[in-house]
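Have a look at the structure below before the remarks.
Every number here is computed from the coordinates shown, using simple stated rules; none is lab data. Model, not experiment: these values are computed from the prediction. Glycine gets a Cβ as well: all are built from the backbone with ideal geometry, and neighbour counts include every protein chain shown.
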Amino acid sequence: MKDFKYERKRSLSRAEAADQLSALAAALRAGGEAELPWGGGVLNLRIPDDLRGEVELSVEDGEVELEVELKWPIAGEGKSTAKKTTAKKTAAKKATAKKATEKKSTAKKAAAKKATAKKAASKKATAEKDTVKKAVAKKTVARKASAGKDTVKKATAKPAKSAKPAKPAKAPTGPAKVPVKPGKAVKPAKSGKAPAKRS
C-alpha cells in the first residue's frame, strides 16, 4: 500500500509540457525543498542529492508513450538507509581486509614454522655429523696412542737373551762304552790306535 499518491491526467500543449519539465529540471538542479507548479496547483517536494531514474518509451496501439520516473527515499529514511548501506559496505570492506590480513599472517606464520623446522633439522643433522666426526677422531687418536704405546714397549723392552752357542762335543779318547746286556760277553772295542809295543 502506498503512503501517498498524486496523479493527474490531462492534455497539454507542447509548450505546457516543456514548461512543466523546465520547472522540474530547475527544482532538481537546485535540490532541497522545491515548489513546483503542477496542473493548476503547487507540489512541495524535498529533493535529495542522489536519485534513481528510469526512462521508458513504448509504442502501442498507434501511440507513443514516454515515461520519466524519478525515485528517492523519504527524508528521514533516506539518510538512515544511506548510512546503513554505507556502514554495511564499510563493514564488508573491513571484514574482507581483515580476512586478507589473517590469511597473510597465517601464511607468514606457516612459512616461519617451516623455516624454523628446517633450521632445527639442519642443526640436528650437523650435530649428528659432528658427533660422528668426534667419535671417529677419538677412535683414530686411541688407535694412534695404542700404536705408540706398543712401539714404546718394543723399544724399551730388554733384548732377549741370546742362546749361548753350544760347545762342540769332544771326541771320545777312549774306547766307546757299549751297554752290556746280561748274559752276553762283551768284546773289546777296537781302537784306532795300535797297541803300544812293550820293550
For residue 38, residues with placed amide H under 5 Å, excluding near neighbours: 43
Which order do peptides 25-31, 7-13 fall in by mean Cβ count within 10 Å, highest first? 25-31, 7-13
